[in-house]
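The values are calculated or read from the model by the stated rules, or taken from the named source; none is laboratory data. Because the structure is predicted, anything quoted here is derived from the model rather than measured. Counting neighbours? That spans all protein chains shown, and the Cβs are built from the backbone with ideal geometry, glycine included. Just so you know, the surface numbers come from the protein's heavy atoms only, side chains and all, with ligands and any DNA or RNA stripped out. Shrake-Rupley method; radii C 1.70, N 1.55, O 1.52, S 1.80 Å.
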Amino acid sequence: MQFADNRHASDEALERYSMSCMAGPELAEFEEHLLVCETCQDRLAREDRIRQQVRDAGAVLAPKRAAIPWRSARLGWALGLVALGLAVFAGIEWQSLRRSSAPPAVILLQTTRGTESPTLAAASAGKPLTLLLDLTDLQQFSEYKMEIVDAGGHPAFQSNGSPQNARLQATLTRGLAAGAYFVRVYTPAGELLREYALIVRG
Amino acid sequence: MIAKDAVEDTADDRTASGQAVWTELVEKIRRNDADGLEELYRVFSRGVRFYLCRQLGPQDLDDRVHDTFIIVAQAIQRGELREPDRLMGYVRTIVRRQVAAQIEDNVISRRQQFDLEWGLAVRDTASNPEQAAIRQENQQLAVRVLKSIAPRDREILIRFYLWEQPAEQICTEMGLTDTQFRLLKSRAKARFGELGKRKVTKRLVPFSENIRREIPLRE
C-alpha cells in the first residue's frame with residue numbers, strides 16, 4: 001500500500017513525545033501517525049536513544065559541575081558545621097533538622113518503555129524526597145490519590161494532589177527507609193490507574 | 001487531521017486521500033478478503049510492534065502484536081468500526097488498551113505474589129554481570145562522547161535532556177535566541193550521535209584486526 005499521507009513529525013514534536021510532554025488531541029494525532037510511519041518510528045527510536053545516553057552520561061558529568069562552587073566555599077562548610085554543632089549542643093534533634101533543611105531529591109517516576117531493561121527510579125534512604133509522577137495518557141482528574149507501599153504491600157505514605165503539567169508531585173520530608181517500594185496513583189474514587197517502582201537505597 | 005504543530009503538512013489533500021485508503025482497506029476486511037487482512041497486518045505490524053515494545057518491552061511481543069491484529073480484524077468484521085476513515089485512531093485505542101491491560105496484569109500478579117509468599121514479592125532488580133558490564137560500558141561510552149563535544153553543546157544537551165529545563169529557561173540563562181537554541185540543539189544532537197557511532201566503530205576495528213592476525217587467511 002502506498003500511503004498518500006506521507007507527512008512527518010517535526011523534531012520538536014518527537015522530542016516532546018520522547019520526553020512524555022505531549023498530551024490530548026496532539027498526542028492522539030501523533031501516535032496515529034507513528035503507527036504507520038516507519039521514518040518517524042526510526043527517528044523516535046534515535047531520539048529515545050540520544051535522550052537516554054545523554055541522561056546516563058549527564059548523570060555522571062553534571063554533579064561534578066554542581067559540586068564546583070561548593071568545593072571552593074570551604075569556609076561555608078566550616079561555618080555550617082559550627083552551626084550544626086551548636087544546634088546539637090542546644091539539644092535540637094539534628095536528624096530532623098537536617099531532614100527539614102536539606103533540599104529534597106527529585107525523583108521522576110515514569111512508566112516503563114523501550115527495549116532495554118528499565119532503570120528503576122532510586123532514592124537515598126532517610127532523605128527528603130520529591131516524587132514527580134508522570135501522568136501522561138492517564139484519565140484526567142482534578143485530583144488524584146497517591147499511595148506508596150513497601151515490598152510487603154504495607155502503606156508507607158498516602159496523599160491527595162492536583163496534577164500540574166501532567167505531573168503529580170508529592171514531597172516526603174522525612175524520606176523513606178531503605179527498600180523496594182511501589183508508588184500507586186488512584187482516581188478520586190480509589191480506582192488504581194498506574195503503579196511505579198521505586199528503590200530506596202541505604 | 002494531524003495537528004499542525006506535531007506533524008508537518010506537505011499537501012492539502014493528503015489527509016483526505018489517506019482516509020480514502022483506510023475506508024477501502026476496512027471494506028476489504030469486512031468482506032473477509034484475504035488481501036485486506038494481509039494488507040492490514042503489513043501496514044500495522046511494524047508500528048504496533050514498535051509501540052508495544054516501547055511501552056512494555058520485548059517480552060511476548062509477537063503474541064501481543066498478533067493479539068492486537070486479531071482484535072482489530074474481528075472488530076472490523078463485526079462492524080464495530082463505525083467510521084472506517086478513523087481506522088488508525090481505532091488501532092491506537094486497541095493498542096493502548098493492550099498496554100493498560102498488561103500493566104494491570106502485572107499489578108495483580110505482583111499483589112498475588114505478595115499474598116502467597118513474602119519472599120516472592122520483590123524481584124531482584126540488579127543486573128546480571130553481563131548486563132551490568134554492558135550498561136557500564138554504554139555509560140562510559142556516552143560519557144566520553146558527551147565530554148568530547150563542545151562545552152556549549154554539552155550544556156544544552158544536559159539542560160534539555162537531563163534537567164528537562166524548558167527552552168525559554170535555557171535561552172534566558174545561556175543568552176540564546178529561540179532560533180540559536182534550536183540550531184545548537186540540533187547540531188549537538190547530530191554531533192553526539194555521529195561521535196557515538198564513530199567511537200563504537202573505532203572500538204570494533206582493532207577487534208576484527210586481532211582476529212585476522214590470529215587466524216591467517218588461506219591464500
(message) Given R₀ = 30 Å, what would the calculated FRET efficiency be for A:Asp42 paired with A:Leu192, taking r from the Cβ atoms and rounding to 0.05?
(response) 0.30
(request) Could you go through segment B:25-38 in sequence order and give the Karplus-derived ³J(HN,Hα) for each residue, using 6.51 cos²θ - 1.76 cosθ + 1.60 with θ = phi - 60°, rounded to whole Hz, and x for Gly and Pro? (result) 5, 4, 4, 4, 5, 4, 7, 6, 6, 4, 4, x, 5, 4
(request) Please give, to one decimal in nm, the separation of the simple spin-label points placed at B:Ala34 and A:Thr171, each 7 Å out from Cα toward the Cβ. (result) 6.6
(message) Please compute, for peptide A:21-32, the average count of beta-carbon atoms on other protein chains lying within 10 Å of each residue's beta-carbon.
(response) 5
(request) For A:Asn160 paired with A:Ala178, estimate the spin-label separation in nm (one decimal), with each label point 7 Å from Cα along the Cα-to-Cβ line. (result) 3.7
(request) Within 10 Å of each Cβ in peptide B:137-143, how many partner chain Cβ atoms are there on average? Round it to a whole number, please. (result) 5
(request) Mind listing the long-range amide H neighbours of A:Leu135? Cut-off is under 5 Å, sequence gap 5 or more, other chains count too, H placed in the peptide plane at 1.01 Å from N. (result) A:Arg167, A:Leu168
(message) With θ taken as phi - 60° and the coefficients 6.51, -1.76 and 1.60, list the Karplus ³J(HN,Hα) couplings across segment B:74-89 in order, rounded to whole Hz; mark glycine and proline as x.
(response) 5, 4, 5, 5, 7, x, 7, 8, 7, 10, x, 6, 9, 3, 4, x
(request) Please report, in Å, the Rg and the Dmax of segment B:39-100, where both are computed over Cα atoms only. (result) 11.2, 33
(request) Give the interface area between chains A and B as buried accessible surface, both sides summed, probe 1.4 Å, in Å² to the nearest 100. (result) 6300
(request) Scan around A:Ala123 for amide H atoms under 5 Å from its own, H built in the peptide plane at 1.01 Å from N, and keep only partners 5 or more places away or cross-chain. (result) A:Ile199, A:Val200, A:Arg201
(message) Tell me the volume per residue, in Å³, of the convex hull enclosing the alpha carbons of segment A:120-202.
(response) 84
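Work out the mean other chain Cβ neighbour count within 10 Å for the residues of B:45-57 and drop it here as an integer.
Partner Cβ neighbours, averaged per residue: 5.
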(request) Quickly work out the B:Thr172-to-B:Arg46 label distance, labels modelled 7 Å from Cα along the C-beta direction, and quote it in nm with one decimal. (result) 4.3
